[in-house]
Amino acid sequence: MDLRLMEILDRNRQYIKDGKLPIYIPELSKANINALGIYISTLDHQEHMAGDYLYPFTIQSISKVVTLMMALEDQGKDAVFARVGMEPTGDAFNSMMKLEMIQPSKPFNPMINAGAIAVTSMIKGSSHEGIHRILNFFRKITGNQQLNINQDVYLSEKRTGDLNRAMAYYMRNVGVLKGDVEEHLDTYFKQCSIEVTCRDIARIGGFIANNGILPETGERLIKEEYVKIAKTFMVTCGMYNASGEFAINVGIPAKSGVGGGIMAVVPGKMGIGVVGPSLDNKGNSIAGVRVLADLSEKFRLSMFL
Ligand code: GLN
């Protein structure tokens, strides 16, 4: 247990009560609202941790960063960005408002739900191999062969995912999504339901911080250019319509999920995983954001300094 990290967690516990558990995916409302944990994995092989870093939660939207890199590897940059844009929306993560705004119609970016569903549909084998290739890739970059899908969360998402379903069918109508919509949605719901701990997302962060090379083995899995794109989206869209504020207060590329996780990447240095299931009104971990702000200030981690 790292005492400096523990102190940062303790200082920010007070914010938990100002947030809420998500109820639109009923299974997520069963989380422990008081959990708060952090795990840091540095590229020079140090590990620092504090609090509930072993608390299991579903990865949710943090998965979108990884599936984006996979789709870029499979299809190349031009094909991916023919079907999804590069601009922040300023709207909620599940908003469908701007889906019709770009002509020809496409979702604004790969970090909002519509864009992420489109991206997942572009991963080779997404509709027949389903989740297997994606899950195996997550196992490889976390170094955790036990990683699996939380079936209760997956079924809960599938049952209540009508907004995602509506966006997916709309996207098929305009040609952004091709093939079997239900199969693609199923893969997306499963990718969001992968159960992780802070350590797992710190490891993914470390892989991204190391530009797509596994720190343990030196094996390159993703082209540097595609990792650069992923990090850039984390800065501009990773915290949804709080990305601007987060860039000012924290200044680290990051991606949040409604499971309460935040994955942060200090390029060339470390991956950070934080969990705190109590969410603010934009769907980001309310205490987790403050923890990262304190950490960034204390260790001068902002990329804009
Ligand atoms: N699975 C969630 C959804 O589709 C992911 C959203 C999130 O983590 N912000 O609504």
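Computed over the Cα atoms of segment 222-287, what is the ratio Rg over Rh, Rh following Kirkwood?
Numbers: Rg = 11.7 Å, Rh = 12.0 Å.
Reported Rg/Rh (Cα atoms, Kirkwood Rh): 0.97.
Stokes-Einstein diffusion coefficient for segment 1-71 at 25 °C in a medium of 0.890 mPa s, Rh from the Kirkwood formula over Cα pairs: what value in µm²/s? Can you show the working numbers first?
Details: Rh = 14.4 Å.
Taking Rh from Cα pairs, D becomes 170 µm²/s.
Just to check, using Stokes-Einstein with a Kirkwood Rh over alpha carbon pairs, what's the diffusion coefficient of segment 102-219 at 10 °C and 1.306 mPa s in µm²/s?
Values: Rh = 15.3 Å.
Translational D for this selection: 104 µm²/s.
Taking all protein chains in place and a 1.4 Å probe, what share, in percent, of the accessible surface of the chain do carbon and sulfur account for?
51 percent
Using modelled amide H (1.01 Å from N, peptide plane; none on Pro or chain starts), what sits under 5 Å from the amide H of Asn148, excluding residues fewer than 5 places away?
Amide H neighbours of Asn148, under 5 Å, 5+ apart: Glu195.
Rounded to the nearest 10 degrees, what's the angle between the helix 224-237 long axis and the longest principal axis of the chain, both from Cα atoms, 0 to 90?
Taking the Cα atoms of the chain, the angle to 224-237 is about 80 degrees.
Please list, ordered by chain and number, the residues whose modelled amide H lies under 5 Å from the amide H of Gly261; skip anything fewer than 5 residues away on the same chain.
Residues meeting the criterion, in which the H sits 1.01 Å from N, are Gly276.
With a sphere of radius 12 Å drawn around the Cβ of Pro253, what net charge do the other residues whose Cβ falls strictly inside it have (Lys, Arg +1; Asp, Glu -1)? Let's see the in-between values first.
Details: positive: Lys228, Lys231, Lys255, Lys269; negative: none.
Around Pro253, the charge tally is +4.
What is the sum of charges, Lys and Arg at +1 and Asp and Glu at -1, for the other residues whose Cβ falls under 10 Å from the Cβ of Pro26? If you can, show how the numbers build up before the last one.
Details: positive: Lys30, Arg159; negative: Glu27, Asp152, Glu157.
Local charge sum for Pro26: -1.
Give the aspartates and glutamates whose C-alpha is closer than 18 Å to that of Lys223, dropping any in the same chain fewer than 8 places away, or say none.
Straight-distance partners of Lys223: Glu73, Asp74, Asp78.
Please go through segment 102-201 and write out the trypsin sites (Lys or Arg not before Pro) that DSSP classes as loop and that have at most 14 other C-beta atoms within 10 Å. Walk me through the numbers on the way to the answer.
Numbers: sites: Lys124, Arg133, Arg139, Lys140, Lys158, Arg159, Arg165, Arg172, Lys178, Lys190, Arg199; in loops: Lys124, Lys178.
Sparse-neighbourhood loop trypsin sites (Lys or Arg not before Pro): Lys124, Lys178.
How much accessible area per residue does segment 134-283 have, counting only protein heavy atoms and a probe of 1.4 Å, in square angstrom? Mind showing how you got there, number by number?
Working: 5360 Å² over 150 residues.
Heavy-atom accessible area per residue stands at 36 Å².
Between Arg165 and Ala79, what is the spin-label point distance in nm, taking each point 7 Å from the Cα along the Cα→C-beta axis?
About 3.0 nm, to one decimal.
Which lysines does Lys178 reach when only Cα atoms under 24 Å apart count, and residues fewer than 8 places away in its own chain are ignored?
Partners found: Lys64, Lys77, Lys98, Lys106, Lys124, Lys158, Lys190.
With an 8 Å Cα cut-off and a minimum separation of 6 or more residues, compute the relative contact order for segment 117-207 in percent.
Details: 85 pairs, mean separation 43.0, N = 91.
Averaging sequence separation for qualifying contacts and normalising by length gives 47 percent for segment 117-207.
Let me have the relative contact order for the chain, percent, based on Cα pairs under 8 Å that are six or more residues apart.
27 percent
Quick one: net charge of Thr142's neighbours, Cβ under 9 Å, K/R +1, D/E -1?
On the way: positive: Arg139, Lys140, Arg199, Arg203; negative: Asp200.
Around Thr142, the surrounding residues sum to +3.
Given the convex hull over the Cα atoms of the chain, what projected area results after averaging over all orientations, in nm²?
Numbers: hull surface 54.8 nm².
Mean projected area of the Cα convex hull: 13.7 nm².
The values are calculated or read from the model by the stated rules, or taken from the named source; none is laboratory data. The structure presented is a predicted model; accordingly, all values stated were derived computationally and were not measured. Every residue, glycine among them, receives a Cβ derived from its backbone with ideal geometry; neighbour counts consider all protein chains shown. Ligands, DNA and RNA are stripped out before the accessible areas are found, and what is left, the full protein with its side chains, is counted by its heavy atoms. Shrake-Rupley method; radii C 1.70, N 1.55, O 1.52, S 1.80 Å.
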